1. Number of Lys pairs in the chain with C-alpha atoms less than 21 angstrom apart, excluding same-chain neighbours closer than eight positions?
2. With angles folded into 0 to 90 degrees, how steeply does helix 152-176 sit against the dominant principal axis of the chain? Use alpha carbons for both and round to 10.
3. What residue among 58, 151, 32 has its Cα farthest toward the positive end of the dipole of the chain, where the charges are +1 on Lys, Arg and -1 on Asp, Glu, each on the Cβ?
4. To the nearest 20 Debye, how big is the dipole of segment 53-191 about its Cα centre, given +1 on the beta carbon of each Lys and Arg and -1 on that of each Asp and Glu?
5. Build a GNM of the chain with springs between Cα atoms under 10 Å: which of 234, 104, 31 gets the top mean-square fluctuation?
6. Which value at 222 nm does the chain reach when only helices count, each DSSP H run of 4 or more adding -39,500 (n - 2.57), with the total divided by all residues and rounded to the nearest 500 deg cm²/dmol?
7. Please check: in the Gaussian network model of the chain (C-alpha springs, under 10 Å), which one of 111, 164, 33 has the largest mean-square fluctuation.
8. Which value, in debye to the nearest 20, describes the size of the charge dipole of the chain about its Cα centre when Lys and Arg Cβ atoms bear +1, Asp and Glu Cβ atoms bear -1, and nothing else is charged?
Amino acid sequence: MRSGNPVLKDSTFLDLSSGSVYPGSANAMSLNGTVNKTGILLLLTILTSAFAWSQTMIQTPEGMQVAPGAMIYMIGGAIGGFVLALITTFKKEWSPITAPLYALVEGFFLGSISAMYNAQFEGIVLQAVMLTFGTLFALLFAYRSGLIKATENFKLGVAAATGGIALIYLATILLGLFGIKIPYIHESGLIGIGFSLFVIVVAALNLVLDFDFIESGVEAGAPKYMEWYGAFGLMVTLVWLYIEFLRLLAKLQSRD
């Protein structure tokens, strides 16, 4: 796998080999085009996040409270984002439509969950946003300068770690349905904080592999719509990284 991100993998360009065009042509995937598409997806996410934030928390005599129906934004956004992510992954040629829809729907989830975190730990959202984008630009600089190289062993290690984390989260969800909790790793103790730090490192390293995936697409002369798909894949990693920063900061502040 070229990326631990399940939507960005090496076989993608093998699947598209018959549709590749001459690199650098107007109909081929470009780096600037992918950057622009990523910016559009971020803007769409911010717009719906701001709306969901305003609808999630309300001022009451007892203080800020979760608004009635606020969970609809969070649960609906999470499920809708997951469905659209699956559609985009299996129908890459639809990504010019499904990727913006994913960004809009995911914004409802991010805005509502961010508001809930911020109501409990004021200022935590701004910190998580700054850490997420700081990590993005730091890893981009490290990748472009050659400080970090996406070698095959590096890709394999990150992909394996990502898969392991996915299995842990899946087990957490399934066991939670039966009232069973996995101890320590989701708590605010040292083990829980250490686990969150590990997950953040893995998510950050996925950004390096995502950059490599996008660059490989440009070099391979992938079709123009793959700009949207590459931007979508990068958004998936950024959303994951942001949520993990929120979880880590919440654990740290709950210890005070």
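1. Total qualifying Lys-Lys pairs in the chain comes to 12.
2. Taking the Cα atoms of the chain, the angle to 152-176 is about 30 degrees.
3. Farthest along the dipole direction, towards plus: 151.
4. Taking the Cα centre of segment 53-191 as origin, the dipole is about 460 debye.
5. 31
6. About -25500 deg cm²/dmol.
7. Highest fluctuation of the listed residues: 164.
8. 140
Values in this text are rule-based calculations from the coordinates and carry no lab data. Note that the structure is predicted; figures quoted are calculated from it, not measured. When we count neighbours, we look across all protein chains shown, and the Cβ atoms used for this are built from the backbone with ideal geometry, even at glycine.
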